[in-house]
Amino acid sequence: MTFIDTRFLLESDSAVRLYEEFAAPQPIFDYHCHLSPREIATNRHFNNLFEIWLEGDHYKWRAMRANGEPERFCTGDAEPYEKFQAWARTVPFTLRNPLYHWTHLELQRYFDITELLDANSAPRIWEQANAILDSGALDVHNIVKKFSVHTIGTTDDPADSLQYHEQIAASDLPVRVVPTFRPDASFRVDQPTAFNAWTGRLSAVSNIAIDTFASFLAAVEKRQHDFHAIGCRASDHGLDICYTDDCTDAEAAAIFLSAREGNAATSQDQRKFASYMMFFLGQLYAASDWTMQLHLGALRNVNSRAKAVHGPDTGFDTMGGTLQLTELAKFLDKLESANALPKTIFYNSNPLENYAFATITGSFSAAGVPGKIQFGSGWWFLDQKEGIELQLNALSNVGLLSRFVGMVTDSRSFMSYPRHEYFRRVLCNLLGSEIDRGLLPHDFDLVGGVVRDICFNNAHRHFAVPVLAHATT
């Protein structure tokens, strides 16, 4: 075997057949990512390899810092080529980190570059990739067509304008691009300055004067309806832990009004307010037949000095150790008891809890709704080979792998579509090895059908995103 050849990650002929016949032909349904709707709408042209590959990538920043590269090459003011050279110096030290696989897989799939990236090859790779970028062959629209992307679910704040989504929907782009409703800012009554600025934006975009708690809820609901009208069928929440504290209408209103007056809520009151809002939102999602996504357990910005200097989302987060399942079960049960539990996907950041997350899917399954409650794909620090296998094994052993809605890029980069290929190869290798060992039947129609469903069909059915008027599928 050579490095990243046609059998990459595929260790048997059965795995190769599953991948080539059933996985590779499937389009990509990327239901959760952080791509910019503006860049899709305006069909961004990338000027160089730094812009398309390294810009804003905190995975790479973490590796570069660990390798001793100065911060100016990560978040600082170094020139694009200098930052690329710093990354090239780091790549050889990422052996056995998934970044080594992703780096070379992306260079091959986007630029047909098979040379290993290091300090010596960096000038050649920079020039070769930039020549392709200059040609326009890899502007945003050409990228999503090249990788057979069917649907993109971006992540959007309720206070954001939907103008770029409207522009995309009115274009002839043969890819469905829909927003995902991310209302986490509505919980931040412990940060009154930021909360009130956000509430002002929400008021303006909803055209509702927010002077009471009732009008605040009305504005949030109005935006949820606006998102639905443009094709949104999912929400997303990034939570340290599910919020399940009891909170009455009167208590929530008092906390809200106090924050509007500039008073920071206590941590207890913030949890109560967030609990109220999550229950309110869950009911909206259920009424609209949306899918609620819960990304649980990450410890964010643990390096306070670095956050103060560089800001959030710059590579200083870590895997949480907080036990999630008690609070998650309470939250799901509260919605279920109100007959208002929406379709739900929860993502775990700590593999110690994989089996617990997988088992709770069965506790809230609904008769007549296949795969209503999902244990989501390996997330963040777990979206690599071992993490993917751990999630697949836990789900298989206590749930229904056949109903799994598959992988997402969860990325801000248009260079991340090979993440789907990477996942599909890991999936096919896992199932192919079990065919060869007699643990699964030697029936490629059966096993291949499961592969096909996980790669595309299950997500397509689960989210039921309305098709474009000019779409062919």
For residues in segment 1-19 being more than 8 Å from ASN429 (Cα to Cα) and of a type in the set (D, E, K, R), which is surrounded by the fewest Cβ atoms within 10 Å (Cβ to Cβ)?
ASP5
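Quick one: would you say ALA78 is open to solvent by less than 40 Å² (accessible area, probe 1.4 Å) and assigned to a helix (DSSP H, G or I)?
no
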Within segment 81-105, take every residue that is under 26 Å from the mean Cα position of the chain (by Cα) and of a type in the set (Lys, Arg) and give me the one that is surrounded by the most Cβ atoms within 10 Å (Cβ to Cβ).
LYS83
Condition first: of a type in the set (D, E, K, R), within 18 Å of the chain's Cα centre (by Cα) and closer than 24 Å to ASP245 by Cα. Now tell me which residues in segment 166-200 satisfy that.
ARG182, ASP184
Scan segment 281-314 for residues that are at negative phi and part of a loop (DSSP other than H, G, I, E, B) and jot them down.
SER288, TRP290, ARG300, VAL302, ASN303, PRO312, THR314
Would you check which residues across segment 220-230 are aliphatic (A, V, I, L, M), more than 17 Å from ILE255 (Cβ to Cβ) and in a helix (DSSP H, G or I) and list them?
ALA229
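Tell me, yes or no, whether segment 266-284 has at least one residue that is of a type outside the set (A, V, I, L, M, F, W, C), touching a residue at least 24 places away in the same chain (Cβ under 8 Å), touching a strand residue (DSSP E or B) at 6+ places or on another chain (Cβ under 8 Å) and open to solvent by 50 Å² or more (accessible area, probe 1.4 Å). Quick ask: steps written out before the conclusion?
We begin by selecting, within segment 266-284, every residue of a type outside the set (A, V, I, L, M, F, W, C); these are 266-272, 275-276, 282-283.
Okay, now just the ones that are also touching a residue at least 24 places away in the same chain (Cβ under 8 Å), so 266-267, 269-272, 275-276, 282-283.
The next check asks that each one be touching a strand residue (DSSP E or B) at 6+ places or on another chain (Cβ under 8 Å); those that pass are 282.
Filter again for open to solvent by 50 Å² or more (accessible area, probe 1.4 Å), leaving none.
No, segment 266-284 has no match at all.
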Can you tell me which residues in segment 164-222 are surrounded by 16 or more Cβ atoms within 10 Å (Cβ to Cβ), farther than 23 Å from ASP236 by Cα and β-branched (Val, Ile, Thr)?
ILE208, ILE210
Residue check for THR361: assigned to a helix (DSSP H, G or I), among the β-branched types (Val, Ile, Thr) and surrounded by 17 or more Cβ atoms within 10 Å (Cβ to Cβ)
yes
ALA254, sole failed condition from (1) closer than 29 Å to HIS228 by Cα; (2) free of Cβ contacts under 8 Å to residues at least 60 places away in the same chain; (3) in a helix (DSSP H, G or I)
(1)
Kindly indicate which of THR42, THR94 is within 25 Å of ASP236 (Cβ to Cβ) and among the polar types (S, T, N, Q).
THR42
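Could you tell me which of the residues ARG452, ARG437, ARG403 is open to solvent by 30 Å² or more (accessible area, probe 1.4 Å), in contact with a Gly (Cβ under 9 Å, 6 or more places away or on another chain) and within 27 Å of GLU20 (Cβ to Cβ)?
ARG403
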Matching residues, segment 223-254, being within 20 Å of the chain's Cα centre (by Cα), of a type in the set (A, V, I, L, M) and surrounded by 20 or more Cβ atoms within 10 Å (Cβ to Cβ):
ALA234, LEU239
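Residues are listed down the side, and each one gets a yes or a no for (1) of a type in the set (Ser, Thr, Tyr); (2) in a helix (DSSP H, G or I); (3) open to solvent by 10 Å² or more (accessible area, probe 1.4 Å):
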{"position": "ILE388", "(1), (2), (3)": "no, yes, no"}
{"position": "THR409", "(1), (2), (3)": "yes, no, no"}
{"position": "VAL426", "(1), (2), (3)": "no, yes, no"}
{"position": "LEU430", "(1), (2), (3)": "no, yes, yes"}
{"position": "ASP445", "(1), (2), (3)": "no, yes, yes"}
Check segment 175-185 and report whether any residue there is without any contact (Cβ under 8 Å) to a residue 40 or more places away in the chain and over 30 Å from GLN26 (Cα atoms).
yes
Assess whether LEU116 counts as being outside any loop (DSSP other than H, G, I, E, B) and aliphatic (A, V, I, L, M).
no
Residue satisfying condition, being among the polar types (S, T, N, Q) and touching a Pro at 6+ places or on another chain (Cβ under 9 Å), within set GLN374, GLN384
GLN384
Limited to segment 409-441, what total is found for residues that are in contact (Cβ under 8 Å) with a residue 12 or more places away in the chain and either of a type in the set (Gly, Ala, Ser) or more than 27 Å from ASN48 (Cβ to Cβ) (or both)?
16
Taking first residues from segment 1-25 that are under 12 Å from TYR422 (Cβ atoms) and among the aromatic types (Phe, Trp, Tyr) and second residues anywhere that are in a loop (DSSP other than H, G, I, E, B) and at pLDDT 95 or above, the pairs with Cβ under 8 Å that are 6 or more apart or on different chains are TYR19/LEU10
Subset of segment 37-49 [open to solvent by 30 Å² or more (accessible area, probe 1.4 Å) and not charged (D, E, K, R)]:
THR42, ASN43, HIS45, ASN47
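The values are calculated or read from the model by the stated rules, or taken from the named source; none is laboratory data. None of these values were measured; they are calculated from a predicted model. With ideal geometry, Cβ positions are generated from the backbone for all residues, glycine too; neighbour counts draw on all protein chains shown. We work out accessible area using only protein heavy atoms, side chains counted, and drop any ligands, DNA or RNA first. Shrake-Rupley method; radii C 1.70, N 1.55, O 1.52, S 1.80 Å.
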